[in-house]
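Trainee: Shown below is the structure under consideration.
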């Protein structure tokens, strides 16, 4: 994999400008969903904290109003309520109600939809009822106004769309989910700046074999027979590839990099008809003294609010009245400023280049106005202490970042330009062309951009072709219980379950049959992130369903340990083994069946352990013939041997039967623990999982009632009994294993 970047360093709009020995973060300054970066590093078995530290920001923002009042926003809900009470005497202020409803929006808009592809209109249609029920037809400002009455506070709590390029009076209220997003994870800042975060991701990427090519501008995407086949660079060099992924601005990509005759949907006419986000004027400066009273994030409101936004988005003129965002990173990280000085950037939302504003003339004038506004309000003495100073305008965004009309955030986040209506992550015009970044679903902002990569990952085809028919055939042949239960899953889930089973079954066969070379090769390929014909199937599931890295690592480690023979000494060793080979499968299955709550993983692990204990009880004789003893030695009065397990010594046979019953009792305790977690499973999947568990429970019951009958043969559940158990589950009957 190769990355082509026209800039001198990685990061896109998260560049770093260096001036006077100071690093100025060019773009994003707020991390509100740190778990997304934890997930990214975990995919490669790394810990994000080993690469970059996140520092908490407090308060999240300070809002300064024109009447010289201010409000600190952050901390606990009670802290914000106290600030509201200090500013407003209106008893109808209901910030807690705003947060509670924003949680409902968050659960749908972020948890359910932010990493889901919207390349099918049917996907959009299915969401319409719930989106309407969440009042998505309201603007952010109108939604906030239902709970907040003071005009100053309405401005403060409706400001979030501006952080992703939208007008609060036009942007759908779905973006109110940001309120709960901040409440759930807080606001963070990467130590060393956003540039340090970019460097951490770049380091990880290089460690796993990704090559970066800087100062390389793409002139055209090569399209042959409707498929992307590579790119042509400005230098004339051609680079061929099977897949092209763009995190550049989609309207620019379609208009400038793909010939018009290759585009049926995104025609030049359609691209011109879109509504684009605002432009940005950003002034970067340092001072010879510190301004300790300035918080990390400061919003300085002007006199007008709605009129200013109309000037920017509708009339597209420079307003006489400005609202500003001031970034002072040294408030959180002292290394971001000189020892005896300070460093800032201040951002003013402005019209994009559709306005026709001549920024060569207006840039310096606007900088002077911004400096005057800061100096006469919250930064007295600014002009006398000024040191480094430079600014960027929409011209810069168009030239340096190749955004259409110099917009700061691609197309505007309107309802009619969201989800299916936004640029798809999988191109509708060119096969094997994919998009991530601010202009595609789900949208701008750091959480949106990272989530767009998760969406795209689900759509990019795997590097190798898989024989899904053969996989399903193997699943059906080797696991009648699970394959029968999986028929009740939705098709996509059933396919994923069979794919997961195939991977685990193949690895298990290698472990059972002593194929040391194959299993060790698989483990090493996994740990070193190298291609592998079986494990690439699991990687495909990781991309599409979000399966974690650690369970597979644990499974491979446990299976490799079996290669030297198995003779477990204690119950704790037995449980560790069951956890490694089967508890991991329970955890892997959770994303596929729709389990989202991480606290459910322990219950899923318990169910896997219970089922494996049942398997061990069923297969004692068969395992012993392969030289493996899974029943712990401390279950017996004297050490047990393989010969004892396959022989017919009456004394030992009865003791073995007793050990099996002890195994079943242990399994029963884990089934009971797993039962407590069924509440986390969606109803349809819950029925299927209970049915599968009841079939395992039936195997245990047969052995427990008549252990003599199953000393040398395996207990099986006939089809009629499986159907009976299914209807028992439907009637509310729980599964059990005799103790």
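The values are calculated or read from the model by the stated rules, or taken from the named source; none is laboratory data. Computed from a prediction, not measured in an experiment: that's the story for all the values here. Cβ: placed from backbone, ideal geometry, glycine included. Neighbour counts: every protein chain shown.
Trainee: Pick out the one residue from 664, 601 that is in contact with a helix residue (DSSP H, G or I) (Cβ under 6 Å, 6 or more places away or on another chain), within 15 Å of residue 574 (Cβ to Cβ) and buried (at least 16 other Cβ atoms within 10 Å of the Cβ). Walk me through it before giving the result.
Mentor: Details: 601 fails: within 15 Å of residue 574 (Cβ to Cβ).
Just one listed residue meets the conditions, 664.
Trainee: Further, regarding this structure: Go through 388, 398 for me and flag whichever is over 27 Å from the mean Cα position of the chain (by Cα), farther than 19 Å from residue 255 by Cβ and touching a residue at least 24 places away in the same chain (Cβ under 8 Å). Before the answer, list the steps.
Mentor: On the way: 398 fails: farther than 19 Å from residue 255 by Cβ.
Checking each option against the conditions leaves just 388.
Trainee: Here's another thing I want to ask about it. For residue 197, which of the numbered conditions (1) modelled with pLDDT under 95; (2) under 17 Å from the mean Cα position of the chain (by Cα) fails to hold?
Mentor: The number of the failed condition is (1).
Trainee: I'm trying to understand the selection: among the residues of region 128-172, which are in a helix (DSSP H, G or I) and more than 25 Å from residue 70 (Cα to Cα)? I'd like the intermediate steps shown before the answer.
Mentor: Residues of region 128-172 that are in a helix (DSSP H, G or I), as a first pass: 128-133, 140-145, 151-157, 160-164.
Those that are in a helix (DSSP H, G or I) and more than 25 Å from residue 70 (Cα to Cα): 128, 129, 130, 131, 132, 133.
Trainee: Moving on to the next point. Being touching a strand residue (DSSP E or B) at 6+ places or on another chain (Cβ under 9 Å), loosely packed, with under 15 Cβ neighbours inside 10 Å and closer than 23 Å to residue 96 by Cα: is that true of residue 79 here?
Mentor: On the way: touching a strand residue (DSSP E or B) at 6+ places or on another chain (Cβ under 9 Å): yes; loosely packed, with under 15 Cβ neighbours inside 10 Å: yes; closer than 23 Å to residue 96 by Cα: yes.
So residue 79 passes the test.
Trainee: Here is a further query. If you take the residues of region 516-542 that are outside any helix (DSSP H, G or I) and crowded, with 16+ Cβ neighbours inside 10 Å, which of them is modelled with the lowest pLDDT? Full working, then the answer.
Mentor: To start, the set of residues in region 516-542 that are outside any helix (DSSP H, G or I) comprises 528-534.
Filter once more, so that each one left must be crowded, with 16+ Cβ neighbours inside 10 Å: 529, 532, 534.
Working: 529: 80, 532: 90, 534: 91.
Top of the filtered list is 529.
Trainee: Among 289, 295, which is over 22 Å from residue 30 (Cα atoms), in a loop (DSSP other than H, G, I, E, B) and either touching a helix residue (DSSP H, G or I) at 6+ places or on another chain (Cβ under 6 Å) or touching a residue at least 24 places away in the same chain (Cβ under 8 Å) (or both)?
Mentor: Numbers: 295 fails: over 22 Å from residue 30 (Cα atoms).
Just one listed residue meets the conditions, 289.
Residue by residue, here is whether (1) within 28 Å of the chain's Cα centre (by Cα); (2) within 30 Å of residue 31 (Cβ to Cβ); (3) buried (at least 19 other Cβ atoms within 10 Å of the Cβ) holds:
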{"site": "242", "(1), (2), (3)": "yes, no, no"}
{"site": "253", "(1), (2), (3)": "yes, yes, yes"}
{"site": "265", "(1), (2), (3)": "no, no, no"}
{"site": "269", "(1), (2), (3)": "no, no, no"}
{"site": "300", "(1), (2), (3)": "no, yes, yes"}
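Trainee: Could you tell me whether any residue of region 56-65 is at pLDDT 95 or above, within 30 Å of residue 529 (Cα to Cα) and in contact with a helix residue (DSSP H, G or I) (Cβ under 9 Å, 6 or more places away or on another chain)?
Mentor: No, region 56-65 has no match at all.
Trainee: A further question follows. From the list 670, 710, exactly one residue is crowded, with 16+ Cβ neighbours inside 10 Å, touching a helix residue (DSSP H, G or I) at 6+ places or on another chain (Cβ under 8 Å), within 18 Å of residue 631 (Cα to Cα) and at pLDDT 90 or above. Which is it? Don't jump to the end; show me each part of the working.
Mentor: Values: 710 fails: at pLDDT 90 or above.
Exactly one of 670, 710 is crowded, with 16+ Cβ neighbours inside 10 Å, touching a helix residue (DSSP H, G or I) at 6+ places or on another chain (Cβ under 8 Å), within 18 Å of residue 631 (Cα to Cα) and at pLDDT 90 or above, namely 670.
Trainee: Does residue 28 qualify as being in a loop (DSSP other than H, G, I, E, B) and modelled with pLDDT of 95 or more? Before you say what the answer is, go through the steps one by one.
Mentor: Numbers: in a loop (DSSP other than H, G, I, E, B): yes; modelled with pLDDT of 95 or more: no.
In short, no.
Trainee: Given the structure, is residue 122 in the same structural domain as residue 70 (by TED's automatic domain parsing) and either crowded, with 21+ Cβ neighbours inside 10 Å or in contact with a strand residue (DSSP E or B) (Cβ under 7 Å, 6 or more places away or on another chain) (or both)?
Mentor: Values: in the same structural domain as residue 70 (by TED's automatic domain parsing): yes; either crowded, with 21+ Cβ neighbours inside 10 Å or in contact with a strand residue (DSSP E or B) (Cβ under 7 Å, 6 or more places away or on another chain) (or both): no.
Spelling it out, it is not the case that residue 122 is in the same structural domain as residue 70 (by TED's automatic domain parsing) and either crowded, with 21+ Cβ neighbours inside 10 Å or in contact with a strand residue (DSSP E or B) (Cβ under 7 Å, 6 or more places away or on another chain) (or both).
Trainee: Could you check region 625-651 and list, in sequence order, the residues that are surrounded by 18 or more Cβ atoms within 10 Å (Cβ to Cβ) and either at pLDDT below 90 or within 44 Å of the chain's Cα centre (by Cα) (or both)?
Mentor: Passing the criteria: 628, 629, 630, 631, 632.
Trainee: Within the group 656, 681, which residue is modelled with pLDDT of 90 or more, surrounded by 15 or more Cβ atoms within 10 Å (Cβ to Cβ) and farther than 30 Å from residue 595 by Cα?
Mentor: On the way: 681 fails: farther than 30 Å from residue 595 by Cα.
None of the other options fit; the residue is 656.
Trainee: Of all residues being surrounded by 20 or more Cβ atoms within 10 Å (Cβ to Cβ) and assigned to a loop (DSSP other than H, G, I, E, B) in region 92-116, which is farthest from the chain's Cα centre (by Cα)? Just the residue, please.
Mentor: The extreme case among them is 113.
Trainee: Take residues that are modelled with pLDDT of 75 or more and tell me which of the helices (runs of 4 or more DSSP H) falling wholly in region 441-493 contain 3 or more.
Mentor: Values: elements: 446-459, 468-478, 480-486.
Here the list reads 446-459.
Trainee: Could you check residue 42 against (1) in contact (Cβ under 8 Å) with a residue 40 or more places away in the chain; (2) closer than 30 Å to residue 283 by Cα and say which number it fails?
Mentor: With (1) in contact (Cβ under 8 Å) with a residue 40 or more places away in the chain; (2) closer than 30 Å to residue 283 by Cα applied to residue 42, the lone miss is (2).
Trainee: For region 542-566, which residues satisfy the criterion of being within 15 Å of residue 529 (Cα to Cα), within 20 Å of the chain's Cα centre (by Cα) and in contact (Cβ under 8 Å) with a residue 40 or more places away in the chain?
Mentor: The answer is 542, 543, 548, 549, 550.
Trainee: Mind listing just one residue for me: the one in region 58-75 that is over 26 Å from the mean Cα position of the chain (by Cα) and assigned to a loop (DSSP other than H, G, I, E, B) and, of those, surrounded by the most Cβ atoms within 10 Å (Cβ to Cβ)?
Mentor: Step by step, filter region 58-75, then rank; the result is 65.
Trainee: Which residue pairs have Cβ atoms closer than 8 Å, lie 6 or more positions apart in sequence or on different chains, and pair a first residue in region 634-647 that is in the same structural domain as residue 571 (by TED's automatic domain parsing) and farther than 21 Å from residue 573 by Cα with a second residue that is modelled with pLDDT under 90 and part of a loop (DSSP other than H, G, I, E, B)?
Mentor: none
Trainee: Residue under question is residue 89, and the condition is that it be without any contact (Cβ under 8 Å) to a residue 24 or more places away in the chain, surrounded by fewer than 21 Cβ atoms within 10 Å (Cβ to Cβ), part of a loop (DSSP other than H, G, I, E, B) and out of contact with any helix residue (DSSP H, G or I) (no Cβ under 8 Å at 6 or more places or on another chain); does it hold? Write out each step before concluding.
Mentor: Numbers: without any contact (Cβ under 8 Å) to a residue 24 or more places away in the chain: yes; surrounded by fewer than 21 Cβ atoms within 10 Å (Cβ to Cβ): yes; part of a loop (DSSP other than H, G, I, E, B): yes; out of contact with any helix residue (DSSP H, G or I) (no Cβ under 8 Å at 6 or more places or on another chain): yes.
In short, yes.
Trainee: Assigned by TED's automatic domain parsing to the domain that holds residue 182, touching a helix residue (DSSP H, G or I) at 6+ places or on another chain (Cβ under 6 Å), within 20 Å of residue 188 (Cα to Cα) and surrounded by 14 or more Cβ atoms within 10 Å (Cβ to Cβ): is that true of residue 41 in this structure?
Mentor: Working: assigned by TED's automatic domain parsing to the domain that holds residue 182: no; touching a helix residue (DSSP H, G or I) at 6+ places or on another chain (Cβ under 6 Å): yes; within 20 Å of residue 188 (Cα to Cα): yes; surrounded by 14 or more Cβ atoms within 10 Å (Cβ to Cβ): yes.
So residue 41 does not fit the description; no.
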